[in-house]
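The values are calculated or read from the model by the stated rules, or taken from the named source; none is laboratory data. Because the structure is predicted, anything quoted here is derived from the model rather than measured. Positions of Cβ are generated from backbone atoms using ideal geometry, with glycine treated the same way; all protein chains shown enter the neighbour counts.
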Amino acid sequence: MDALTNIFSRRSIRSYEKKEVEFEKLVNILDAGRFAPSAGNVQDWKFILVNEEDKIEKVGNACLEQDWVDEAQVMVVVCSEPVKEDRMYGDRGKNLYSIQNSACAAQNMLLAAHAQGLGGCWVGSFDEITIRELFDIPEDVVPRAILTFGYPAEKAEEKPKLNLYDVAFFNKWGIRAHDKSEIQRLLSSVLGPLKERFHKLKNLLPSKK
Ligand SMILES: Cc1cc2nc3c(=O)[nH]c(=O)nc-3n(C[C@H](O)[C@H](O)[C@H](O)COP(=O)(O)O)c2cc1C
């Protein structure tokens, strides 16, 4: 599956088959998190893989009013170590970059799961104190997200997504494209001059014999 197909076809899956997830697939999921971008390449994250049944059940109980969570075959608790970004970038590092870094890692993992035929869901609604206790998470580490994984036992629900008209502006706040063909017109003001410059530059270069 190419990257765009993977991104466009991923959906949150909240029901899983009782089928073990292969070790290699789990390693790929963790590795996809490891390869995520992070501010200053600080990589201020730790991923706790959970596959013990009793732990999965306890995590399920800590996820507020979400009965489906303990159906997961495996989970990853994505944690941040904000002190590391604080050291590098101060408040902005601690309060913003650290959260963004873990979000990048989490999304990479969800996409890696989907690419391997697995379903996954991001769970943000959990009791942080219980999760800390359950995994002995140190005080200066923050559990940011719980990701649930397993082979899908449901057809992915089609979630309505806003269209490009609603979410994309071109070169200035509020400048919208009505459809894909108009995107080209809106971008041509930038791409036009760039193309011209490229051609001029090309003419200055000695031609290949
Ligand atoms: C920060 C964040 C927190 C979320 N928390 C939960 C959650 O606690 N429970 C849940 O079922 N889904 C949760 N989700 C999944 C969203 O509900 C889901 O991504 C959204 O409805 C869009 O559906 P899709 O993932 O299929 O595109 C969360 C997603 C994000 C990004």
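Among residues belonging to the stretch 145-188 that are in a helix (DSSP H, G or I) and of a type in the set (D, E, K, R), point out the one that is farthest from residue 114 (Cα to Cα).
Filtering the stretch 145-188 for residues that are in a helix (DSSP H, G or I) and of a type in the set (D, E, K, R), the one farthest from residue 114 (Cα to Cα) comes out as 185.
What about residue 158, is it within 14 Å of the ligand (Cβ to nearest atom), of a type outside the set (Lys, Arg) and not assigned by TED's automatic domain parsing to the domain that holds residue 86?
Values: within 14 Å of the ligand (Cβ to nearest atom): yes; of a type outside the set (Lys, Arg): yes; not assigned by TED's automatic domain parsing to the domain that holds residue 86: yes.
When the stated conditions are applied, residue 158 passes them.
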Is the stretch 121-142 home to any residue that is away from the ligand (no atom under 11 Å from the Cβ), of a type in the set (S, T, N, Q) and within 19 Å of the chain's Cα centre (by Cα)? no
Log entry, pairs with first residue in the stretch 63-88 being in contact (Cβ under 8 Å) with a residue 12 or more places away in the chain and among the basic types (Lys, Arg), second being outside any helix (DSSP H, G or I) and more than 15 Å from the ligand (Cβ to nearest atom), beta carbons closer than 9 Å, six or more apart or on different chains, reads 84/42; 84/43; 84/44
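For (1) closer than 14 Å to residue 147 by Cβ; (2) at pLDDT below 95; (3) not hydrophobic (A, V, I, L, M, F, W, C), each residue gets a yes or a no:
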| site | (1), (2), (3) |
| --- | --- |
| 19 | no, no, yes |
| 28 | yes, no, yes |
| 36 | yes, no, no |
| 45 | yes, no, no |
| 61 | no, no, yes |
| 64 | no, yes, no |
| 73 | yes, no, yes |
| 114 | yes, no, yes |
| 126 | yes, no, no |
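Kindly indicate the residue of the stretch 12-24 that is surrounded by fewer than 18 Cβ atoms within 10 Å (Cβ to Cβ) and not acidic (Asp, Glu) and also nearest to residue 91 (Cα to Cα) among those meeting that condition.
Here the residue is 12.
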Residues of the stretch 82-105 being surrounded by 23 or more Cβ atoms within 10 Å (Cβ to Cβ) and either within 15 Å of the ligand (Cβ to nearest atom) or not in a helix (DSSP H, G or I) (or both), in sequence order, are 98, 101, 102, 105
Flagged pairs (Cβ under 6 angstrom, 6 or more apart or on separate chains; first in the stretch 143-155, charged (D, E, K, R); second in a strand (DSSP E or B)) are 144/78; 144/80
